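**Q** Once you've had a glance at the structure underneath, I'll fire off some questions.
The values are calculated or read from the model by the stated rules, or taken from the named source; none is laboratory data. Remember, predicted model here, so these are calculated numbers, not experimental data. Please note: Cβ atoms are built from the backbone with ideal geometry, for glycine as well, and neighbour counts cover all protein chains shown. Accessible surface is based on the protein model in full, side chains and every heavy atom, while ligands, DNA and RNA are left aside. Shrake-Rupley method; radii C 1.70, N 1.55, O 1.52, S 1.80 Å.
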There are 2 protein chains.
Amino acid sequence: MAITMYDLAGVEADRRFSPFCWRARMALAHKGLEVETVPWRFTEKDKLPTPNDGRVPVIVDGGTVTHDSSAIAEYLEEHYSDRSSLFPGAAARGLTKFVQNWTDAVLHPAIARLVVRDIWAHLAPGDQDYFRTSREAFLGAPLEDVVKDREARLPAFRASLLPLRRTVERQDYVSGAEPAYADYIVFGAFQWARSISDFELLAADDPVYAWRGRMLDLFGGLARQSPGYGG
Amino acid sequence: MAITMYDLAGVEADRRFSPFCWRARMALAHKGLEVETVPWRFTEKDKLPTPNDGRVPVIVDGGTVTHDSSAIAEYLEEHYSDRSSLFPGAAARGLTKFVQNWTDAVLHPAIARLVVRDIWAHLAPGDQDYFRTSREAFLGAPLEDVVKDREARLPAFRASLLPLRRTVERQDYVSGAEPAYADYIVFGAFQWARSISDFELLAADDPVYAWRGRMLDLFGGLARQSPGYGG
């Protein structure tokens with residue numbers, strides 16, 4: 001029986017843009033597991049199976065509910081240990097945490113400040129007020145003000161990708177010759193932006209752009225087929 | 001027969017401060033290999049065994065000369081594959097590259113701008129002119145000017161450690177439960193600073209400080225016993 005995954009959606013039900021949901025979606029594909037996704041909006045907290053923390057991704061596998069992308073990755077690795085590993089080898093789980101913490105601490109905040117207004121524009125009407133109010137409180141400014149100088153900030157953003165750039169220009173994936181969960185973590189951030197914004201985060205000659213292309217090609221083009229912009 | 005390692009030294013022959021040499025030194029200890037170090041100064045390029053690229057570390061194992069810290073790690077992993085791995089598991093080598101690229105692109109330049117004047121102060125007289133001239137050309141300013149506002153820059157430096165901090169506050173090492181080469185890469189940067197500067201890069205309650213303490217304790221306190229300042 002397919003695993004069910006609650007997945008953040010925009011005004012169109014098939015526009016899936018949560019970076020954390022993309023981590024889980026790619027991990028499920030890595031494990032070769034069938035999944036049926038359920039589009040979910042920020043304001044539908046009562047529609048999630050329990051237990052949950054009011055956010056997605058949440059997966060249901062048989063009778064087992066697991067929430068939080070990191071917990072889902074651990075669950076999949078443990079319960080489907082006979083399939084391709086998300087953390088291949090004794091040190092991969094630990095090292096993947098460093099990649100995750102860089103993504104969460106450096107990459108996500110920077111991308112949010114470039115595309116947050118575009119996220120709002122793609123939300124279902126019932127989600128827009130919730131999103132604007134909560135994000136403007138967090139960011140301390142109207143969404144339009146947060147992004148208004150984004151062209152000027154783009155060079156610094158691209159410069160901040162140097163650790164990632166040097167890595168994927170010398171090996172195909174963050175994890176080496178084959179993709180693993182660390183790749184899905186970083187990719188989730190770029191797929192988040194790509195899903196809701198036509199603002200070009202990456203120059204076409206950037207090795208990070210080529211890596212993103214390899215990620216979009218994985219699993220029969222799973223992520224490329226999802227509604228989004230650009231390469 | 002012990003492996004010979006050419007190791008950057010200050011005015012005192014036992015003050016070893018190169019971050020790249022510390023990567024190699026810790027990797028040799030990780031493999032449980034005996035090593036005899038040869039103190040070497042920047043201006044002694046003709047004293048290195050060949051082939052070399054004019055820099056250290058260089059190791060000689062039997063008749064085999066290997067230079068460059070990354071090449072040395074690869075050499076040790078291949079030639080001593082029966083000993084504890086520096087890259088445990090299929091993905092560790094790839095993921096370690098990300099940690100290395102973060103260290104080289106983010107951590108080293110930031111630390112250099114905090115302690116470069118202190119490096120100069122600890123060099124042998126014959127090295128000081130070479131170091132000042134080459135580094136001032138690279139940094140575009142007198143060493144004294146580069147560091148003069150370092151107190152003001154310290155909070156931003158500490159903030160930039162967030163990916164590392166979040167990692168080592170939840171697991172003992174960057175590589176997980178046990179240290180591996182990724183830890184030696186990051187540690188090399190802090191040991192570099194500690195070896196030549198009393199400027200406190202880390203607050204005593206920082207999880208990064210505690211991790212550095214665990215690294216200093218490894219291999220019978222190998223790095224702690226080397227001349228340096230503070231914790």
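**Q** Cα atoms only: what Rg and Dmax, in Å, come out for region A:1-108?
**A** 14.0, 42
**Q** Then there's this: With an 8 Å cut-off on Cα pairs and a minimum separation of 6 or more residues, tell me the relative contact order of region B:81-231 in percent.
**A** 26 percent.
**Q** At a 1.4 Å probe, what is the % contribution of carbon and sulfur to the accessible area of chain A?
**A** Carbon plus sulfur share of accessible area: 51 percent.
**Q** Quick one: Karplus J couplings for region B:197-204, per residue in order, coefficients 6.51, -1.76, 1.60, θ = phi - 60°, nearest Hz, x for Gly and Pro?
**A** Residue by residue, region B:197-204 yields 8, 8, 6, 7, 5, 10, 6, 5 Hz.
**Q** Filter the cross-link list A:Lys31/A:Lys97; A:Lys97/B:Lys45; A:Lys97/B:Lys31; B:Lys47/B:Lys148 down to pairs whose alpha-carbon distance in this structure exceeds 28 Å.
**A** Details: A:Lys31/A:Lys97 20 Å; A:Lys97/B:Lys45 40 Å; A:Lys97/B:Lys31 25 Å; B:Lys47/B:Lys148 35 Å.
From the list (A:Lys31/A:Lys97; A:Lys97/B:Lys45; A:Lys97/B:Lys31; B:Lys47/B:Lys148), the Cα-Cα distance tops 28 Å for A:Lys97/B:Lys45; B:Lys47/B:Lys148.
**Q** What is the calculated FRET efficiency for B:Thr133 to A:Phe138, with r their C-beta to C-beta distance and R₀ = 60 Å, to the nearest 0.05?
**A** 0.80
**Q** How big is the A-B contact in terms of buried accessible area, both chains counted, 1.4 Å probe, rounded to the nearest 100 Å²?
**A** The summed interface area works out to 2100 Å².
**Q** Using amide H atoms built 1.01 Å from N in the peptide plane, name the residues 5+ places from B:Asp7, or on other chains, whose amide H lies under 5 Å from its own.
**A** B:Val38, B:Trp40
**Q** Tell me, what is the per residue accessible area of the protein assembly as shown in Å², probe radius 1.4 Å? Mind showing how you got there, number by number?
**A** Details: 18850 Å² over 462 residues.
Accessible area per residue: 41 Å².
**Q** List, by residue number, every residue in region B:125-172 with a reduction of 30 Å² or greater in accessible area between the chain on its own and the complete protein assembly, 1.4 Å probe.
**A** At a threshold of 30 Å² (probe 1.4 Å), the residues of region B:125-172 that become less exposed are B:Pro163, B:Arg166, B:Thr167, B:Gln171.
**Q** Now a separate question. To one decimal place, what Kirkwood hydrodynamic radius in Å is obtained for chain A from all pairs of distinct Cα atoms? Don't skip to the answer; put the middle values down first.
**A** Details: mean 1/r = 0.0552 Å⁻¹.
About 18.1 Å, per the Kirkwood formula over Cα pairs.
**Q** I would also like to ask the following. Quick check of the Kirkwood formula: for region B:52-107, what is the inverse mean of 1/r over all pairs of different Cα atoms, in Å?
**A** 12.6
**Q** Quick one: give the max-minus-min coordinate of the C-alpha atoms of the protein assembly as shown along each principal axis, largest first, in Å.
**A** 71, 49, 41
**Q** Please give the contour-minus-distance gain from B:His79 to B:Ala203: 0.36 nm per residue of separation, less the Cα-Cα distance, rounded to one decimal in nm.
**A** Numbers: separation 124, 0.36 × 124 = 44.64 nm, distance 3.95 nm.
Between B:His79 and B:Ala203, full extension yields 40.7 nm more.
**Q** With unit charges on the beta carbon (Lys/Arg positive, Asp/Glu negative), name the residue among B:Ile3, A:Pro155, B:Pro19 whose Cα is farthest towards the positive pole of the charge dipole of the protein assembly as shown.
**A** It is A:Pro155.
**Q** Wrap a convex hull around the Cα atoms of region B:1-52, take a quarter of its surface area, and give that in square nanometres. Before the final figure, lay out each step's value.
**A** Working: hull surface 15.7 nm².
Approximately 3.9 nm², given one-decimal rounding.
**Q** Related question: How long are the three semi-axes of the equivalent ellipsoid of region B:86-188, in whole Å, if each is the root of 5 times an eigenvalue of the C-alpha gyration tensor, listed from largest down?
**A** That gives 31, 17, 11 Å for the three semi-axes.
**Q** Another one. What distance in nm lies between label points placed 7 Å from Cα along the C-beta direction at A:Tyr229 and B:Asp172?
**A** Output for this residue pair reads 4.8 nm.
**Q** Which whole-Hz couplings ³J(HN,Hα) result when phi for each residue of region B:130-139 is put into the Karplus expression 6.51 cos²θ - 1.76 cosθ + 1.60, θ = phi - 60°, listed in order with x for Gly and Pro?
**A** 4, 5, 4, 5, 5, 6, 5, 5, 5, 7
**Q** Turning to a different aspect of this structure: Please work out the Cα center distance from region A:144-213 to region A:83-106, rounded to the nearest Å.
**A** Answer, in whole Å: 17.
**Q** Looking only at other chains, what is the average number of their beta-carbon atoms within 10 angstrom of each beta-carbon in B:107-116?
**A** Mean shielding by partner chains, rounded to a whole number: 0.
**Q** Considering only B:Ala71, B:Ala27, B:Ala204, give the residue with the highest GNM mean-square fluctuation for chain B, with springs between Cα atoms whenever their separation is below 10 Å.
**A** B:Ala204
**Q** Still on this model: How much net charge surrounds B:His67 when only other residues with a Cβ under 15 Å from its Cβ are counted (Lys, Arg +1; Asp, Glu -1)?
**A** Residues close to B:His67 contribute a combined charge of -2.
**Q** Gaussian network model of chain A, Cα springs within a sub-10 Å range: biggest mean-square fluctuation belongs to which of A:Leu139, A:Leu123, A:Leu201?
**A** Per the Cα network of chain A with a 10 Å cutoff, A:Leu139 tops the list.
**Q** Could you go through region A:175-190 in sequence order and give the Karplus-derived ³J(HN,Hα) for each residue, using 6.51 cos²θ - 1.76 cosθ + 1.60 with θ = phi - 60°, rounded to whole Hz, and x for Gly and Pro?
**A** These are the phi-based 3J(HN,Hα) values: 7, x, 6, 10, x, 8, 4, 4, 5, 5, 4, 5, 4, x, 5, 6 Hz.
**Q** For region B:110-230, give the magnitude of the charge dipole about the Cα centre (Cβ charges: +1 Lys/Arg, -1 Asp/Glu; no others), in debye to the nearest 20.
**A** Values: 15 positive and 17 negative charges, 43 e Å.
Magnitude of the dipole: close to 200 debye.
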